[in-house]
Amino acid sequence: MAEQPTSLSSLQVLMSFLIAFVGGSVSILLREVIEWARKPIFQLSLDLSALNKVFVIEPRSMKDLTGNTQKVLTLKNGTGKYVRVKVHNNGSRTAHHCEAKIELMDQQGNPLPIDPSILHWVRRTPYVYKRTEDQFAPVSINSKDHEFLDVIAIERWPVPGVTFVYTYSHRPQLLLGGVNYKIKVTVFGENTEPKSMTIELSGWDGTFDGFSEKCLRVIKS
């Protein structure tokens, strides 16, 4: 009879330990679930509003696109239009240090032998940010807010009378008329999961006016 209180006391200690352990685990799990529910969530959509209007482009060097350091457009303004992706933050917290990369593929979806490069956020206009590293720097996206990414730039210059179409990235890649591409855009943030979209470019005849919304469609999002 003298051993019974000791056994009961040991059982009480064990039960207290188990209750504390389960309670602590549930508390940690609950915090993790709350953090997951509140984290930023990207939603991507193709935006063609800047493709249906024409922008004036001031004369500038085209050496970053052609590799010819002697070719400088200095006589007349050009005209341009853009393909963009709208990045919406559906979460309840700000998405920090957001950047996006572009990957080019052929019509079958095979990656082209081109290194992925960083895309340009519309708000970081070259007219305000003069340095390349600032133009392609990351941004923050507030909760329930959005930012736009420049994906493709279409430019027409009266001198020398050419149309340039290229990825609006820190290593721009010229796109050719008559060639079909698949374009994968992936957006990253330091406190959320990445989100991707794949766009198909097909049926472009190589002209400025021929590059329209009919040439584009989202095939994966």
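Quick notes
- This ranking places 49, 221, 117 by how few other beta-carbon atoms lie within 10 Å of each, fewest first, which gives 49, 221, 117.
- Test item: Cα-centred dipole of region 40-220, Lys/Arg +1 and Asp/Glu -1 on Cβ, debye: 280
- By other beta-carbon atoms within 10 Å, ranking 176, 46 with the fewest at the front produces 176, 46.
- For region 155-202, applying the loop criterion from DSSP together with a ceiling of 15 other beta carbons within 10 Å to the GluC sites (Glu not before Pro) yields 190.
- Net charge of the neighbourhood of residue 112, taken over other residues with C-beta under 9 Å away and scored Lys/Arg +1, Asp/Glu -1, is -2.
- For region 77-197: span of alpha carbons on each principal axis (Å, largest first): 48, 38, 22
- The ranking of 170, 120 from fewest to most other beta carbons within 10 Å of each one's beta carbon is 170, 120.
- In order through region 129-144: 3J(HN,Hα) via Karplus (6.51 cos²θ - 1.76 cosθ + 1.60), integer Hz, x for Gly, Pro: 9, 7, 8, 4, 5, 7, 5, 10, 6, x, 10, 9, 10, 5, 4, 6
- Too-long pairs where the Cα-Cα distance tops 27 Å, listed order kept, from 144/220; 101/144; 39/101; 76/184; 53/184; 53/76: 76/184
The numbers here are math on the coordinates, done by the rules we state, and not lab data. Note that the structure is predicted; figures quoted are calculated from it, not measured. Cβ atoms come from the backbone with ideal geometry, glycine included; neighbour counts cover every protein chain shown.
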